[in-house]
Amino acid sequence: MKRDRQYICIDLKSFYASVECVERGLDPMTTNLVVADSERTEKTICLAVSPSMKAKGVPGRCRVFEIPPGIRYIMATPRMQLYIDYSAEIYDIYLRYVSSEDIHVYSIDEVFMDVTDYLRLYHMSARDLASVIVRDIRERTGIPAAAGVGTNLYLAKIALDIIAKKAADFIGVLNEESYRRILWRHRPLTDFWRIGEGTVRRLARMGISTMEQVASADERALYKAFGVDAELLIDHAWGREPVTMADIKAYRPKMHSISNGQVLPRAYGYEEGVLIVKEMADVLCQELVDKSLVTDSITLHVSYERSAGKKSAHGTIRLPAATDMSRRIMEHAEVLYRRIVDAKTGIRRVSLSYNHVEPEMYCQYDIFSSPSKVEKERRLQKAVLDIKHRFGKNAVLRGMDFQDGATTIERNSQIGGHRSGA
């Protein structure tokens, strides 16, 4: 008889907030703390709120002004490098129990593990092993964690998201049979992994509000409503998940792209927007050079200030040939910007993507390029990159980075759009 595989999904509870509590010598489970930049307005989104704040009904990603006035709390400025350091320390704890080949890092605070082949070694059940790891994390770092155990990746995630939250020891366990028995009639559907508000609305129009109803629905109607996504929805309704850890580790995307995006601190004018796009293009070119990659097209997405009520600008431009040359790519990025952006409307968000990214060895020169000049510029870019690696991203800057409205210097000191440290 084939043995069920056993997966564990571990989540570090309110991770950023818990780290800030631990750093202050406070208990994350009883301390009211939010992680948000106090220098921004009250409309800024909290990156995390501590478990005790959640217990009081405060959502994890609320805006500061939405926190009820009767709750006293500590506001901690984000320190992204500190959170990365804690995450790395906790990953080392995982490696005490499971090989990296059987761990998938889902996010900075969440991992999946295939522990099937370790249970006999440790003489433990998957639930016991999950409990040991969660306890080890708390004892070594002070960070509270929760875990879901399941016979496939999906069930481990659902056991974490729905069952573990209500468990006294923050451990949840599911197999296909218990999933159907316990959660088939669970509401709301948005509690289930990969089901958003849009999916719920479409299901509601079909008279469906539970996973049991999805499982018993006409599959043809589901495929008509959701296309190929219906297959995943149906599998998950039954508690099935065909993807394994081995599949995740073996996956290689057919197409590659890199991107950069930012929310601007205020509404930027048209010419200021040109500066931002060129800065972002230059940053992405540095990433291409660093990874020995080239691109052959650029996609730009620009969102206007809300009061304008205008649809976002979006467009793509092809390059004459695949390249990593900053000067050439910035020129085309500006051309694309001026082609699609309304000159009379303030800009609040900008996203730039380089498409069809592939290794530099596949780069072909077009008839207008001088190979010697291209190689000279590439060597210069690599020299600049070497200096930045040694002395920091702001060690070498372009003149445009010092212009009013430029954001590169500030962004170079951030991680994920937030301060790297206090």
Gly207 vs. criteria assigned to a helix (DSSP H, G or I), of a type outside the set (S, T, N, Q) and surrounded by fewer than 13 Cβ atoms within 10 Å (Cβ to Cβ):
no
Condition first: β-branched (Val, Ile, Thr) and surrounded by 21 or more Cβ atoms within 10 Å (Cβ to Cβ). Now tell me which residues in the range 342-359 satisfy that.
Ile347, Val350, Val357
Tally the residues that are part of a loop (DSSP other than H, G, I, E, B) and closer than 21 Å to Ile108 by Cα, restricting the search to the range 149-179.
1
Scan the range 149-178 residue by residue and report those that are out of contact with any strand residue (DSSP E or B) (no Cβ under 8 Å at 6 or more places or on another chain) and crowded, with 24+ Cβ neighbours inside 10 Å.
Tyr154
Which ranges mark the strands (runs of 3 or more DSSP E) fully within the range 69-148 that have 3 or more residues being at pLDDT below 95, more than 20 Å from the chain's Cα centre (by Cα) and crowded, with 21+ Cβ neighbours inside 10 Å?
none
It is to be established whether one or more residues within the range 326-341 are at pLDDT below 90 and in contact with a helix residue (DSSP H, G or I) (Cβ under 8 Å, 6 or more places away or on another chain).
yes
I'd like the full set of residues that are of a type outside the set (D, E, K, R), part of a strand (DSSP E or B) and without any contact (Cβ under 8 Å) to a residue 40 or more places away in the chain, limited to the range 313-362.
Ala313, His314, Gly315, Thr316, Ile317, Leu319
Every pair of residues 6+ apart whose Cβ atoms lie under 6 Å, when the first sits in the range 97-113 and is within 17 Å of Tyr154 (Cβ to Cβ) while the second is in a loop (DSSP other than H, G, I, E, B) and among the aliphatic types (A, V, I, L, M):
Met113/Val98
From Arg24, Arg40, residue being at pLDDT 95 or above, more than 20 Å from the chain's Cα centre (by Cα), surrounded by fewer than 17 Cβ atoms within 10 Å (Cβ to Cβ) and among the basic types (Lys, Arg)
Arg24
Can you tell me which residues in the range 317-359 are in contact with a Ser or Thr (Cβ under 8 Å, 6 or more places away or on another chain) and either at positive phi or of a type in the set (Phe, Trp, Tyr) (or both)?
Tyr354, His356
Looking only at the range 187-217, which residues are over 27 Å from the mean Cα position of the chain (by Cα) and on the phi < 0 side of the Ramachandran plot?
Ala204, Arg205, Met206, Ile208, Ser209, Thr210, Glu212, Gln213, Val214, Ala215, Ser216, Ala217
If we ask which residues in the range 43-59 are of a type outside the set (A, V, I, L, M, F, W, C), touching a Lys or Arg at 6+ places or on another chain (Cβ under 7 Å) and surrounded by 14 or more Cβ atoms within 10 Å (Cβ to Cβ), their number turns out to be 2
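The values are calculated or read from the model by the stated rules, or taken from the named source; none is laboratory data. Everything numeric in this text was worked out from a predicted model, so none of it was measured. Because the Cβ atoms are built from the backbone with ideal geometry, glycine has one as well, and the counts that use them run over all protein chains shown.
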